[in-house]
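Everything below concerns the one structure shown next.
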Amino acid sequence: SKAEEKIEEIEIGTTAKPRVLFIHGGGSTDTSDRTQEPFAIYLRREFGEAHFHMVAMRLTHDFEWCIREQAKAISSFKPDVIVGRSQGGPIIMNLIQRGYWAGPSLLCCPAVVPGVDSFDLKAGVPYVVLAGNRDEQVPYSRLIKFCENNARRLGTQSFEWVTIRDRHNLNTSVDSDSDGHVRGALVLENGEESLVALKNEEKMKDFGDNSSTPEPIPVTVRAEREIKRVTLRQLVDRVWEKSKEMTGYDHSKRFPKKWENVSGQNRRTSKEIENHYKRCICI
């Protein structure tokens, strides 16, 4: 089509901006405008209208419908990187498992559901996961299990994860100050150290303002990468960079198959219907 002819392929190694597809989370209503949520505004500003695309989905409770809509978006927009927040994470995982996507993927507070989503990410794809240690919707302990499992399986060349001090929305990674500068989110030690430190911090609150009580144990800041703060843009750039570093990765093959609206494609299997209800209960 004419729209597809205008899309220029980016060669690995160039400094051109990647084309970014953003998949938002669940909880849409008839009155919500998902194009105006912080992640969408930030990514549109950072990459520009020509390099940013999203589909504002109303029926986020219908997971299979969401997967189909995003498969169509991949076929038409041809992204270089996909960013998914909350439910957008499992949507990306399903797009990869079903062969619609095999490129750089940034999973932000992925709302993975035990017994529904496989905790084993598919190999051969560059991943970065962003987790908040104060996530009130997806337990941080669950994200630790998900990330540590994939770090062991895939190795650092393919998989990387970053924990920040934030809640489920992760807005500190995109929030601007009064001058319009994005300061970035505080990066913490991944895994159990961060979780234990947070619990110690919460315990200290119970003592009130008594000056004789011990100081809260500070959350360990990651020192090995010498990054104390990180923005969403830096994480997009990081997963894009990983696609250039990965041995055997071929960016031209990130679209294993194209979406086709064939007869019967909208039918759900009994397993898909069962998983749909499990997901609705858990998130």
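For residue 82, the criteria (1) open to solvent by less than 30 Å² (accessible area, probe 1.4 Å); (2) part of a loop (DSSP other than H, G, I, E, B) hold in every case but one, which is (2).
Before we move on, is residue 87 among the polar types (S, T, N, Q) and under 15 Å from the mean Cα position of the chain (by Cα)? Answer is yes for this residue.
Within the range 143-153, track down each residue that is buried (at least 18 other Cβ atoms within 10 Å of the Cβ) and over 25 Å from residue 240 (Cβ atoms). Once the filter is applied, which keeps residues that are buried (at least 18 other Cβ atoms within 10 Å of the Cβ) and over 25 Å from residue 240 (Cβ atoms), the range 143-153 yields only 144. Looking only at the range 132-170, residues that are without any contact (Cβ under 8 Å) to a residue 40 or more places away in the chain, small (Gly, Ala, Ser) and in contact with a strand residue (DSSP E or B) (Cβ under 9 Å, 6 or more places away or on another chain) come to 2 in all. Might you check whether a residue that is crowded, with 19+ Cβ neighbours inside 10 Å, over 16 Å from the mean Cα position of the chain (by Cα) and in contact (Cβ under 8 Å) with a residue 12 or more places away in the chain occurs anywhere in the range 36-50? Yes: one or more hits. If only residues of the range 99-138 that are at pLDDT below 95 and more than 21 Å from residue 171 (Cβ to Cβ) are counted, the one that is least open to solvent (accessible area, probe 1.4 Å) is 113.
When the residues of the range 55-79 are narrowed to those that are free of Cβ contacts under 8 Å to residues at least 60 places away in the same chain and outside any helix (DSSP H, G or I), which ends up most open to solvent (accessible area, probe 1.4 Å)? If we take residues in the range 55-79 being free of Cβ contacts under 8 Å to residues at least 60 places away in the same chain and outside any helix (DSSP H, G or I), then 58 is most open to solvent (accessible area, probe 1.4 Å). Listed conditions (1) in contact with a Pro (Cβ under 7 Å, 6 or more places away or on another chain); (2) within 21 Å of residue 243 (Cα to Cα) are all met by residue 47, apart from (1).
The values are calculated or read from the model by the stated rules, or taken from the named source; none is laboratory data. What you are looking at is a predicted structure, and each value in this text was computed from that prediction instead of being measured. Reconstructed Cβ throughout: ideal geometry from the backbone, glycine too, with neighbour counts over all protein chains shown. These area figures cover heavy atoms from the full protein model, side chains too; ligands, DNA and RNA do not enter into them. Shrake-Rupley method; radii C 1.70, N 1.55, O 1.52, S 1.80 Å.
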